[in-house]
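These notes concern the structure reproduced below.
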């Protein structure tokens, strides 16, 4: 048994306890072959999932103690140390032991498996929850349940039916059985107590009379009487006795077994950068459209819909990075959420469309997170008709910096992509006369005044995007961030002089880039002579023998 110490990380203990129920997943986190005897070197290593990748964490064998006893997580017998060492490795990953104070079991689930977690309050269970549990188990998901407590005095209190309050159970099965001599069936849920003892004593418990109505071969298949901490109960009792259900949906790479189905999985990384892509929620109409956008294309409907309705199941998880590491610097988590919009027919199938205010502010979102909340991750399950959709993750307030990953699980294969707005590529010119320059300045002045909505003499970075687009350039987020860092002042504002200078520099860069991009591939290769002779005035690079550039690389170097 794993016992909590002086650190407030009971959420981590519950996740570790559930982890021990699946040897395959446990060995992913705690690689086998480590001991205090054979080839012992005083170090151990563990693997945790962090924001899209598995990270190997190496620690020494020193553990914090007080009066000769372990201070934090420890085993009840005092002879096992893997859980204490695992806690130390996890604390190292997050910056300190202190960073582990306070959290949710789902956070541990995700960092130990790389999955997306869902939470259901069982007093508000949807009518299809039992079928959802069956499908989740079929997909190899981890399921946990617990009974809420109203005070610390109820922690691990045992009810009259031998259920433990404030204790993490695992759900290991969900079966629908036909009763002997009857046309009716019963829905049963199999639950395991990590303690290996203290089992449910109500209906359908081990050797209860209800099992007499089940055929012997079915009873043998369900292994209903084993004394191992695992027990069955009716689904109707399950939703009455337990308070909440947690489902951790695993990524395909976590499961090696061919006996389970798998989710299809897409993942993106992004940033909310002040002055460029930190647009806030839709309440902020002036900046909302500057948020990153991601397209998901759903083509096939589910084979066996849980709720009887045709459509495509999609599970979306938005996770902000480094929340625990930032806690020690006094930085709180951002309040985050996301919205999902249907891509208009005129934009479907196009790779380089960044939806603007004319679309996003004139049609409602068709789905999204139920609320914006300051948790590490917000996730929701949806049923959508086949089609093309854009997902827009954001903070609630604009101008809040942060990094995130967006994960999308679908039952059927789906095409997904980030939406980088593209540059204009049809520039054909050989320079301007003085008179033409006057007209250009006059036109740019009109553009500037039109988008300087508060008549301050400057444009905000969000106004800059629309102004540059009006001038003939459509910028993606990466390019906009470079421009803001180069031309904006400390308040992320751009005056007319910088606006004109920026557009002139963009025009020049397009011309240079187009000259070398003979194949219209979006990339150019320059040897050392071309760099020195043809781009000497504008491109200053370190001397290397072969350089490959995309347009954004050129922009970074020159601006």
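The values are calculated or read from the model by the stated rules, or taken from the named source; none is laboratory data. For clarity, every value in this text was computed on a predicted model and none was experimentally measured. FYI the Cβ positions are ideal-geometry reconstructions off the backbone, even for glycines, and counts take in every protein chain you see.
Looking only at residues in region 28-46 that are surrounded by fewer than 16 Cβ atoms within 10 Å (Cβ to Cβ) and assigned to a strand (DSSP E or B), the one that is nearest to the chain's Cα centre (by Cα) is 45. In region 158-178, which residue that is at pLDDT 85 or above and outside any strand (DSSP E or B) is surrounded by the most Cβ atoms within 10 Å (Cβ to Cβ)? Residue satisfying both the conditions and the ranking: 163.
Consider region 344-369 and keep the residues that are surrounded by 13 or more Cβ atoms within 10 Å (Cβ to Cβ) and over 19 Å from residue 469 (Cβ atoms). The one that is modelled with the lowest pLDDT is 348. All conditions but one from (1) within 30 Å of residue 96 (Cβ to Cβ); (2) part of a strand (DSSP E or B); (3) in contact with a helix residue (DSSP H, G or I) (Cβ under 9 Å, 6 or more places away or on another chain) apply to residue 268; the one that does not is (3). Within region 119-135, the set of residues being touching a residue at least 40 places away in the same chain (Cβ under 8 Å) and closer than 21 Å to residue 166 by Cβ comprises 119, 120, 121, 122, 123, 125.
Just one of the listed residues (97, 90) is in contact (Cβ under 8 Å) with a residue 12 or more places away in the chain, touching a helix residue (DSSP H, G or I) at 6+ places or on another chain (Cβ under 6 Å), within 14 Å of residue 325 (Cβ to Cβ) and in the same structural domain as residue 50 (by TED's automatic domain parsing), namely 97. For the residues 117, 136, the requirement of being closer than 28 Å to residue 267 by Cβ and not in a strand (DSSP E or B) singles out 136.
Restrict the check to region 441-458 and report whether at least one residue is modelled with pLDDT of 75 or more and either closer than 21 Å to residue 289 by Cα or outside the structural domain of residue 285 (by TED's automatic domain parsing) (or both). So that I can check it myself, show each step before the final result.
Going residue by residue through region 441-458, those that are modelled with pLDDT of 75 or more are 458.
Narrowing further to those that are either closer than 21 Å to residue 289 by Cα or outside the structural domain of residue 285 (by TED's automatic domain parsing) (or both): 458.
Checked against the condition, which is being modelled with pLDDT of 75 or more and either closer than 21 Å to residue 289 by Cα or outside the structural domain of residue 285 (by TED's automatic domain parsing) (or both), region 441-458 yields at least one hit.
Kindly provide the set of residues from region 506-515 that are without any contact (Cβ under 8 Å) to a residue 60 or more places away in the chain and either farther than 12 Å from residue 468 by Cβ or not assigned by TED's automatic domain parsing to the domain that holds residue 479 (or both), ordered by number.
In the first step, residues of region 506-515 are kept if they are without any contact (Cβ under 8 Å) to a residue 60 or more places away in the chain; the result is 506, 508-509, 512-513, 515.
Of everything in region 506-515, those that are without any contact (Cβ under 8 Å) to a residue 60 or more places away in the chain and either farther than 12 Å from residue 468 by Cβ or not assigned by TED's automatic domain parsing to the domain that holds residue 479 (or both) turn out to be 508, 509, 512, 513, 515.
When 181, 144 are checked against the criterion of being touching a helix residue (DSSP H, G or I) at 6+ places or on another chain (Cβ under 8 Å) and either in a loop (DSSP other than H, G, I, E, B) or surrounded by fewer than 18 Cβ atoms within 10 Å (Cβ to Cβ) (or both), 181 stands alone in meeting it. Looking only at region 5-33, residues that are in contact with a helix residue (DSSP H, G or I) (Cβ under 8 Å, 6 or more places away or on another chain) and farther than 21 Å from residue 117 by Cβ come to 1 in all.
So, in region 54-85, exactly how many residues are part of a loop (DSSP other than H, G, I, E, B) and surrounded by 11 or more Cβ atoms within 10 Å (Cβ to Cβ)?
To start, the set of residues in region 54-85 that are part of a loop (DSSP other than H, G, I, E, B) comprises 61-64, 67-68, 71-73, 76-81.
Next, only the ones that are surrounded by 11 or more Cβ atoms within 10 Å (Cβ to Cβ) stay: 61, 63-64, 71-73, 80-81.
Adding up the residues that qualify gives 8.
Test residue 22 against the stated conditions and say whether it is under 27 Å from residue 249 (Cβ atoms), in contact with a strand residue (DSSP E or B) (Cβ under 8 Å, 6 or more places away or on another chain) and either at pLDDT below 80 or assigned by TED's automatic domain parsing to the domain that holds residue 170 (or both). It is true that residue 22 is under 27 Å from residue 249 (Cβ atoms), in contact with a strand residue (DSSP E or B) (Cβ under 8 Å, 6 or more places away or on another chain) and either at pLDDT below 80 or assigned by TED's automatic domain parsing to the domain that holds residue 170 (or both).
Evaluating residue 393 against the criteria (1) modelled with pLDDT of 70 or more; (2) in the same structural domain as residue 510 (by TED's automatic domain parsing); (3) under 32 Å from the mean Cα position of the chain (by Cα) leaves one unmet condition, (2).
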